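The values are calculated or read from the model by the stated rules, or taken from the named source; none is laboratory data. All of these numbers come straight from a predicted model, not from anything done at the bench. All Cβ positions, even for glycine, are placed from backbone atoms using ideal geometry, and neighbour counts span all protein chains on display. Areas reflect the complete protein model, heavy atoms only, side chains present, ligands, DNA and RNA absent. Shrake-Rupley method; radii C 1.70, N 1.55, O 1.52, S 1.80 Å.
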Amino acid sequence: MPNKLQPRRILGMQPAARLLWVLSVCLLAAGVGRGAENTGVRPTTTAAPAAAAATTPALGTAPAEPDDSGVPLRLLNREVFVFRSAFGPYQPSQRAAAAAALIEAVKPTAGAQRVIAQRVGTNTEMRVYGQVVFYVTPGDVFEIRGETFDSLVERTLQQLDTVLSEKEELSNSRVIAASIAKGLISTVLLSTLIWLLARNRRWLESRLIRLTADRADQLKSHTLRVLGLQNLVPVLRGLMTTVFWTVVVLATYLWLEYLLLLFPNTRPLGEELGLRFFDLLGRLTQSVIGALPNLGIVLFVWFVARFASSAVRRFFAAVASGRIHSNVFDPATTPITQRLCVMMIWITAIIVAFPYIPGSQTPAFRGISVLAGLMISLGSGSVVAQLVGGLILVYNRTCRTGDYVRIGEHEGTLTTIGFFSSRLITPRNEEVVLPNNQISGGALINYSRLNTAEGVTLPVKISIGYTTPWRQVQAMLLEAARRTSGVRWQPAPCVRQNGLGDFYVEYQLNVILETPSHRTRVLSEIHANIQDVFNEYGVQIMSPHYEADPPQPAVVPKDRWHLPPATPPA
């Protein structure tokens, strides 16, 4: 009989008295639950009303110090409230468990408001359909984040209303069925989109390659056109692959977010995905907007450097063509001077713009800079030597492009003088690349530099025995020179006797070449003509050696001094 009258008595009590009664029952149930735990017996469902009573305030008691970590109250995977302080004898964990049990036990009541907040002293009680589920105390306010008591109550009301709405939605089978249908439709649409992209990916690649190839064919530079066509296919395929997977990942992310938002249990996860996506997008947008002033400075430096380099190129082109006369810059050194000036302009621009490049202050960028500096410092010895050698080679005016030179064992026409190496083409059409430090540190013979004024001598050596008159030998050598093409006659060829050996005389025919680059051909032709002339006059080309004393002295009588083709003096 008392048990039947107890609910009616409880409902007739004042709110404060009713809460005190619930607290006493909660304490009793908590003791029974602890005893059951200690004895290994599972606690009964009386723990739910006990947990509910844990949120009821004990009048005349002060709240304990707030707990910064707090115990969250989670319903349907959504955080509704965080209990940060003890309330009376009840700790935050007990308050959270009681609140969860009370909210779970509340049944919707017709005519009652879903969620309301009512102020009781310094605290506020949260009511669901008119029933108190927990109290918000000043100790629950997280003041470190700038939270106030009123904002905490307002946010708790919103969260409670959302959870109860989702709870009602979860019990509605028609709404769940509609959500499942929407999820299936979105999955089919995602699969169709990925299938269409994968099916038409090759077609898009080929069309993009064709359009870009048509544009590349319009380039005036043959080098750029060839390089563009060679690198076109892999670059565009890599670009299309990147775009394809980016679209697939983004579409899958949005599909997953939409799918999670369809169901109440997973809706907080979907909202978290959406918040993270928009947070990332917002940070990217904010980073781009924040980097706009620095990007403007970088673009300004780039435009100034480009204008200055263009002006330098135009100036040195005018100096090289003779349209501008300069006492400082020589037309022969203008190409390398132009490249040096342009390089210094761009190096200065990079140094000035580097601090304003987005990401230049990040640790990754600094690590790359340190690595690049280490590589340059380790490999800069030979590079600097080659660079200095090239500058010495150019500004000493030892040679210039187009000169026919001999460097060590290599002989040919100099085609390129670069910063670090030079190239020459040999008469055998071989390209030889020589480091500049090797050129500046060794012997270099330039056959072209003095050829326009005095001419460069091509020596042809031959040794003939003493029995042949030297005048005849001289005349035959000059005749061979006259028969050779590519030999200049101003100044005229001459013959010198370089030495009187024990067995023969050393003769040297000196001729001047019209074109130094024809040196090998002219030398071969003059050797052939010498053989022909000596054969015509019956003089053998040989260098005799001593074996025994001849029966007669090996001398030339005077009447044979001017044998043909030599002519006696008038």
Report task. Would you please name the residue that is modelled with the lowest pLDDT, looking only at residues in segment 393-424 that are of a type in the set (F, W, Y) and open to solvent by 60 Å² or more (accessible area, probe 1.4 Å)? Result -> Y395
Report summary line: In segment 515-539, anything open to solvent by 40 Å² or more (accessible area, probe 1.4 Å), part of a loop (DSSP other than H, G, I, E, B) and at pLDDT 85 or above is listed as Y537, G538
Query raised in the report: Taking the condition buried (at least 20 other Cβ atoms within 10 Å of the Cβ), at pLDDT below 85 and under 59 Å from the mean Cα position of the chain (by Cα), does N436 pass?
Result: yes
Query raised in the report: Looking at S543, is it modelled with pLDDT under 85, in a helix (DSSP H, G or I), under 23 Å from V460 (Cα atoms) and not basic (K, R)?
Result: no
Query raised in the report: For the subset of segment 207-223 comprising residues that are of a type in the set (K, R) and at pLDDT 70 or above, which member is surrounded by the most Cβ atoms within 10 Å (Cβ to Cβ)?
Result: R207
Query raised in the report: Residues of segment 445-498 being of a type in the set (S, T, N, Q) and under 21 Å from R560 (Cβ atoms), which ones?
Result: S463, T467, T468, Q472, Q474, Q497
Report summary line: Of (1) within 29 Å of L261 (Cβ to Cβ); (2) aromatic (F, W, Y); (3) at pLDDT 90 or above, F142 fails just (3)
Requested in this report: Just name the residue that is modelled with the highest pLDDT out of those in segment 281-319 that are over 23 Å from the mean Cα position of the chain (by Cα) and open to solvent by 80 Å² or more (accessible area, probe 1.4 Å).
Outcome: F307
Query raised in the report: Only one residue in V243, V226, V235 is assigned to a helix (DSSP H, G or I) and at pLDDT 85 or above, so which one is that?
Result: V243
Report summary line: Restricting attention to segment 542-563, the residues that are open to solvent by less than 80 Å² (accessible area, probe 1.4 Å) and out of contact with any strand residue (DSSP E or B) (no Cβ under 7 Å at 6 or more places or on another chain) number exactly 7
Report summary line: Within segment 260-273, residues part of a helix (DSSP H, G or I) and within 16 Å of E166 (Cβ to Cβ) come out as L260, L261, R267, P268, L269, G270, E271, E272
Query - Filter result for the condition that a residue is surrounded by 15 or more Cβ atoms within 10 Å (Cβ to Cβ) and out of contact with any Ser or Thr (no Cβ under 8 Å at 6 or more places or on another chain), over V115, V141 - result: V115
Query raised in the report: With respect to the numbered conditions (1) surrounded by fewer than 18 Cβ atoms within 10 Å (Cβ to Cβ); (2) touching a residue at least 12 places away in the same chain (Cβ under 8 Å); (3) part of a strand (DSSP E or B), which one is the sole condition not fulfilled by V505?
Result: (1)
